[in-house]
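Before any comments, here is the structure.
The values are calculated or read from the model by the stated rules, or taken from the named source; none is laboratory data. Since this is a predicted model, take the numbers as computed values, not measurements. No Cβ is skipped: glycine too gets one built from the backbone with ideal geometry, and neighbour counts run over all protein chains shown. Side chains included, ligands, DNA and RNA excluded: accessible areas come from the protein's heavy atoms. Shrake-Rupley method; radii C 1.70, N 1.55, O 1.52, S 1.80 Å.
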Amino acid sequence: MTTPAPFEGRVDRAADPVRVTAQGDLDIAHEDAVVDAVSTAAADAACTAVLLDLTDVTFMDSSGLRSVLRAHRAAEAAGVRFVVGVAEGGPVVRLFRIAGVAGWLDYA
Amino acid sequence: MHEHLVFELRLPARPASVAVARALVRSSAALTTADAVLVELAVSELVTNSVRHASADTSDVVELQLTVDDERIVGVVRDHGPPFGVLQGQPDVDNTGGFGLYIVRQIAELRVEREGAGNAVTFVVGRSGPGNGPRAHGAAGDAGCACHSSAGTGSGGGGPT
């Protein structure tokens, strides 16, 4: 059996915008981790923008999509600009298009 | 038309089980890469749906069956949860729930039925063109290989729940 790509999240507070990187499979098991990472970064008074980097996400379903939309909402509530980084032709863009949400987000 | 069982799987109704179900789809020699991408997404959505709606009982399980024939791939996910409906139309930006079944309906036929004290959710995906044979890896690439797997309730991995 193929081993699922393990999920990994990283935060770079020294970057501008603050970069939250998600790698691996983004599903129900990791939905809250992404939201928490973005919310925490956006809560920093010095933070004006957050980039959620999904370039290396290997799989995303509606739980992953929900994490992105919740993170977007949390950043906006904190008055912080929210952009996502995606790989054209990758699983994230494919899911955004299937779900019809590609136009809901700003891209890096 | 020959129908083949790809696998049957019983999993604990917890979040880590979703990745286990996907991994079995990914590794199936009976599916082309193009078909596996769609089936993996449908399986992930429907197992997730069952996990979200499962009872609080930690012994609750989700069952997944996948079969293929010459023209289509049929998946059935069974749970013991309460009945649920399927939203008509696309969820909106202010309602981040409801995307799972919507997504499945974009890529497959979807049928939700009440079965005893639980739900039986069936998806059907048409197989990709005749030029796309089974993937090269696996048991000699035999599309008829019925890899009858059975993961017990203790094998769902150790991820967060």
- Inside the stretch A:4-33, can you point out the residues that are in contact with a Leu (Cβ under 8 Å, 6 or more places away or on another chain), buried (at least 17 other Cβ atoms within 10 Å of the Cβ) and hydrophobic (A, V, I, L, M, F, W, C)? A:Phe7, A:Val18, A:Val20, A:Ala22, A:Leu26
- When residues of the stretch B:45-91 are filtered for being small (Gly, Ala, Ser) and in a strand (DSSP E or B), how many remain? 1
- Note on the structure: Within the stretch B:8-58, of all residues that are open to solvent by less than 10 Å² (accessible area, probe 1.4 Å) and among the acidic types (Asp, Glu), the one farthest from B:Asn119 (Cα to Cα) is B:Asp35
- Message: I'm told A:Gly90 meets every condition in (1) farther than 17 Å from A:Ala41 by Cβ; (2) surrounded by 21 or more Cβ atoms within 10 Å (Cβ to Cβ); (3) more than 10 Å from chain B (Cβ to nearest Cβ) except one. Can you identify the failing condition by its number?
- Response: (2)
